[in-house]
Amino acid sequence: MSRLFRIRGRLFGLVALAILGALVVAGVELRALDQQLLEDRKVLVRGAVDAAYALIQHEHDLTEAGVITVEEAQARAIKAVEAMRYLGSEYYFITDETPRIVGHPFMHDRIGHDMSDVVDPNGVRLFEEFVSVVRKDGAGFVSYLWPKTQDAVESTPKISYVR
């Protein structure tokens, strides 16, 4: 009888070890899949921002050629970018280097507002970080937490591509 318990114990140990191994492999695979999905999203977002930037660059080129004024180009670019969406419902907004909101698709009351005091729960000054990345590298990704609610109890991890 004691031999039966030893065999049963060993068998139980082997099964537990196999299950633990399967869980570790599944965890590693899920992490790899999560990383791949993030990289795929980065590629899509970067392409979308580059397309919006090309539109803005075109308006700038028209001003350089003397076809339209700077004010006309800015107004046209802002209107076009505010209307654009990517990945379904994602949207663009435009700031200057102050950083002040120049264009936003639905928060028109924020136009002209200084955004340098917007801080995520980790203390990252979001809009200042956006401007810093553009000044340093011309473009890049910024990771941060965005409050889900007004009271900022819960936050969602976000990543933005700025240019």
Taking the condition under 30 Å from residue 159 (Cα atoms), in contact with a Lys or Arg (Cβ under 6 Å, 6 or more places away or on another chain) and not small (Gly, Ala, Ser), does residue 45 pass? no
So in the range 102-137, with the set limited to residues that are assigned to a helix (DSSP H, G or I) and of a type in the set (Val, Ile, Thr), which one is farthest from residue 148 (Cα to Cα)? 134
Could you tell me which numbered condition residue 41 fails, if it satisfies all but one of (1) surrounded by 10 or more Cβ atoms within 10 Å (Cβ to Cβ); (2) over 20 Å from the mean Cα position of the chain (by Cα); (3) not acidic (Asp, Glu)? (2)
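Search the range 66-97 for residues being among the hydroxyl-bearing types (Ser, Thr, Tyr) and either touching a residue at least 12 places away in the same chain (Cβ under 8 Å) or out of contact with any helix residue (DSSP H, G or I) (no Cβ under 8 Å at 6 or more places or on another chain) (or both), and hand back the single one that is least open to solvent (accessible area, probe 1.4 Å).
Step one: filter the range 66-97 for residues among the hydroxyl-bearing types (Ser, Thr, Tyr), giving 69, 86, 89, 91-92, 95.
Applying the additional criterion that residues be either touching a residue at least 12 places away in the same chain (Cβ under 8 Å) or out of contact with any helix residue (DSSP H, G or I) (no Cβ under 8 Å at 6 or more places or on another chain) (or both) yields 86, 89, 91-92, 95.
Working: 86: 41, 89: 88, 91: 80, 92: 24, 95: 45 Å².
For the range 66-97, the residue satisfying everything is 92.
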Residue match in the range 4-13 (condition: under 26 Å from residue 85 (Cα atoms), assigned to a helix (DSSP H, G or I) and open to solvent by 60 Å² or more (accessible area, probe 1.4 Å)): no
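Does residue 27 count as small (Gly, Ala, Ser), open to solvent by less than 90 Å² (accessible area, probe 1.4 Å) and part of a helix (DSSP H, G or I)? Even if it seems obvious, please write down each step before you answer.
Details: small (Gly, Ala, Ser): yes; open to solvent by less than 90 Å² (accessible area, probe 1.4 Å): yes; part of a helix (DSSP H, G or I): yes.
Considered against the rule, which asks whether it is small (Gly, Ala, Ser), open to solvent by less than 90 Å² (accessible area, probe 1.4 Å) and part of a helix (DSSP H, G or I), residue 27 comes out as yes.
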Looking only at the range 49-65, which residues are under 30 Å from residue 158 (Cβ atoms) and free of Cβ contacts under 8 Å to residues at least 60 places away in the same chain? 51, 52, 54, 55, 56, 57, 58, 59, 60
If a residue has to be surrounded by 16 or more Cβ atoms within 10 Å (Cβ to Cβ) and in contact with a Ser or Thr (Cβ under 8 Å, 6 or more places away or on another chain) to count, how many in the range 118-127 make the cut? 3
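The values are calculated or read from the model by the stated rules, or taken from the named source; none is laboratory data. On a predicted model such as this, the values are computed, not experimentally measured, just so you know. Neighbour counts are summed over all protein chains in view; Cβ atoms, including those assigned to glycine, are modelled from backbone coordinates with ideal geometry. Keep in mind that these areas ignore ligands, DNA and RNA; they rest on the heavy atoms of the full protein, side chains included. Shrake-Rupley method; radii C 1.70, N 1.55, O 1.52, S 1.80 Å.
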